[in-house]
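The block underneath contains the structure these notes are about, expressed in structure tokens.
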Amino acid sequence: MATTEELERIGDAAHDAALMRPALPPKTLGPLARRERNLAYAMLLPTFAIVMAVVLAPLLANFWISFKPVGLGDLRPASLFVNERLRGDLVAPGDVATLQYRVRNSSQDDPLRNAGFSDMLPAGFELAGDLDPRCTLDGRRLDCALGEVEPRYRASIEIEVTATEAYLADPEPLRAFEAVSRADAENILTSAEFTVENFERIFSADEFWHVLRVTIYYTIFATLGAIVLGLFAAQMLNTTFRGRTILRGLFLFPYVAPVIAIAFTWVLLLDPFSGTLNAILRQMGVLGEPINFLGQRAVPFDFFGLTFEFPVALTTVILIEAWRSFPLSFLFILARMQSIPSDMYEAAEMDGATPLQQFWYISLPQLVGILAILFLLRFIWSFNNFDDIFLLTGGAAGTRTLVVNVYEQAFAISNLGAGAAVAVVVFLVLLCFSLIIFRYSPQDEG
């Protein structure tokens, strides 16, 4: 049995061990840390709110409009138009003329409430007859109340006036004071009326699914084309040779050149009548008849006894898009290639690896991550691409994509709600694609 002295020694040893044990960090924030954290959040809140407003406001507005039966003409609420003119000549005191106000409802569909207008009569005018019962005159101030006005409403209010000597001595122009109209009208954009009619219309249209297939076809092949071209260009310029710097600058030309200039150049080159490409192919005997590369929808193509419709215009647009956007892929891939240690290639050469084996087993695994990012970016940009297609073909000859369809629905057909609904579909497709890529994208070995 331990004595009292031994127990005291054990207690002192345990106390010393506790003092020597390193202190653990606190699991909760102290008062000072909490105040600093709250102050940091408060200082960041305005910036966060501005950024969220800039990012989310257009998106929320698009969702809002997609559930509204709104056209371009509905962006401006209905109003009362007033046009005034003086019928008759006032050349002597006592002459009578008619002051005419022609009013109309600007809307073909929406009524107006509490409609009316007011105006200031020219100095020297006097009332010559009975005043319209809808109007009152207080001095020179004329006020007319029309009440509720039906759609397409048109009316004319006439007031007989006579001129005094004061008016004839110094005639005041009739339009010195413009008539001011007033009315209450419902704004479809701010009303609580919502409908899924826009989505029903676009999903029930046969052309929508064709446009969706064309969009996916265009996006995938344009994305792959740009990445493959960029990969070959980066592989070529990753080696040292004379003129490499100049070649790098030339490779960037398609990406930095104005898209309108590039589109116009390609339209001229591919013209079926005066285009350079058709002339060269015909002189070489490759073509008997010129091909309308940007205007021909498809040509029959025989393959092992099977006949297919080859999309000419769509393929041409895809090739041009791949050519125009490959420099960005080239820059990304080249930067990643130059960060790969040269020791790996030297060791592979000592082991007898061919250049193709070095690319396949060394370069490509190191590039997988950047290729996945490029595929995501190029897919989103190609899916949203509008200017190239619209400038080259205008969406004709089977090249109409969803983004072009947004423009046609909103501005060509003036159905803004349907255009916004198509834009919502574009957003949802890209959102699903991005989530899949973020979830399953491979990581490189670098």
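Can you list the helices (runs of 4 or more DSSP H) found entirely within the stretch 186-254 that contain at least 2 residues being surrounded by fewer than 20 Cβ atoms within 10 Å (Cβ to Cβ) and among the β-branched types (Val, Ile, Thr)?
206-237, 244-251
Residues are listed down the side, and each one gets a yes or a no for (1) β-branched (Val, Ile, Thr); (2) surrounded by fewer than 17 Cβ atoms within 10 Å (Cβ to Cβ); (3) in a loop (DSSP other than H, G, I, E, B):
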| residue | (1), (2), (3) |
| --- | --- |
| 90 | no, no, yes |
| 99 | no, no, no |
| 126 | no, yes, no |
| 133 | no, yes, yes |
| 137 | no, yes, no |
| 147 | no, yes, no |
| 157 | yes, no, no |
| 161 | yes, no, no |
| 166 | no, yes, no |
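Looking at the stretch 387-446, which of the residues that are assigned to a loop (DSSP other than H, G, I, E, B) and of a type in the set (D, E, K, R) is nearest to residue 76 (Cα to Cα)?
Going residue by residue through the stretch 387-446, those that are assigned to a loop (DSSP other than H, G, I, E, B) are 393-401, 413-415, 441-446.
Applying the additional criterion that residues be of a type in the set (D, E, K, R) yields 400, 444-445.
On the way: 400: 30, 444: 53, 445: 57 Å.
Across the stretch 387-446, the extreme among qualifying residues is 400.
Is it true that residue 376 is more than 22 Å from residue 442 (Cα to Cα), of a type in the set (A, V, I, L, M, F, W, C) and under 19 Å from the mean Cα position of the chain (by Cα)?
Details: more than 22 Å from residue 442 (Cα to Cα): no; of a type in the set (A, V, I, L, M, F, W, C): yes; under 19 Å from the mean Cα position of the chain (by Cα): yes.
When the stated conditions are applied, residue 376 does not pass them.
Of the residues in the stretch 271-312, how many are of a type in the set (Phe, Trp, Tyr), in a strand (DSSP E or B) and farther than 24 Å from residue 400 by Cα? So that I can check it myself, show each step before the final result.
Of the residues in the stretch 271-312, the ones of a type in the set (Phe, Trp, Tyr) are 273, 293, 301, 303-304, 308, 310.
Remaining after also requiring in a strand (DSSP E or B): 301, 303, 308, 310.
With farther than 24 Å from residue 400 by Cα added as a condition, the list becomes 303.
Looking only at that region, the number is 1.
How many residues are β-branched (Val, Ile, Thr) and open to solvent by less than 100 Å² (accessible area, probe 1.4 Å) when one looks only at the stretch 24-53?
Initially, the stretch 24-53 is screened for residues β-branched (Val, Ile, Thr), giving 28, 47, 50-51.
Subset that is open to solvent by less than 100 Å² (accessible area, probe 1.4 Å): 47, 51.
Of the residues in the stretch 24-53, 2 are β-branched (Val, Ile, Thr) and open to solvent by less than 100 Å² (accessible area, probe 1.4 Å).
Quick one: in the stretch 173-185, which of the residues that are open to solvent by 40 Å² or more (accessible area, probe 1.4 Å) and touching an Asp or Glu at 6+ places or on another chain (Cβ under 8 Å) is modelled with the lowest pLDDT?
Once the filter is applied, the top-ranked residue is 175.
Kindly list the number of the only condition in (1) more than 49 Å from the chain's Cα centre (by Cα); (2) of a type in the set (Asp, Glu); (3) not in a loop (DSSP other than H, G, I, E, B) that fails for residue 84.
So residue 84 meets the others, but not (1).
Every residue, every condition in (1) closer than 17 Å to residue 208 by Cβ; (2) loosely packed, with under 14 Cβ neighbours inside 10 Å; (3) modelled with pLDDT of 90 or more; (4) among the aromatic types (Phe, Trp, Tyr), yes or no:
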| position | (1), (2), (3), (4) |
| --- | --- |
| 369 | no, no, no, no |
| 380 | no, no, yes, no |
| 387 | no, yes, yes, no |
| 390 | no, no, yes, yes |
| 393 | no, no, yes, no |
| 408 | yes, no, yes, no |
| 412 | yes, yes, no, no |
| 422 | yes, no, yes, no |
| 438 | no, yes, no, yes |
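When you scan the stretch 291-314, how many residues do you find that are open to solvent by less than 40 Å² (accessible area, probe 1.4 Å) and free of Cβ contacts under 8 Å to residues at least 60 places away in the same chain?
Selection size over the stretch 291-314: 1.
Right, residue 268: in a helix (DSSP H, G or I), surrounded by 14 or more Cβ atoms within 10 Å (Cβ to Cβ) and not polar (S, T, N, Q) or not? Show your work before the answer.
Numbers: in a helix (DSSP H, G or I): yes; surrounded by 14 or more Cβ atoms within 10 Å (Cβ to Cβ): no; not polar (S, T, N, Q): yes.
It is false that residue 268 is in a helix (DSSP H, G or I), surrounded by 14 or more Cβ atoms within 10 Å (Cβ to Cβ) and not polar (S, T, N, Q).
The values are calculated or read from the model by the stated rules, or taken from the named source; none is laboratory data. The model shown is predicted, which means the values in this text are computed figures rather than measured ones. Don't worry about glycine lacking a Cβ; one is built from the backbone with ideal geometry, like all the others, and counts go over all protein chains shown. All accessible areas refer to the heavy atoms of the entire protein, side chains included, with ligands and DNA or RNA removed. Shrake-Rupley method; radii C 1.70, N 1.55, O 1.52, S 1.80 Å.
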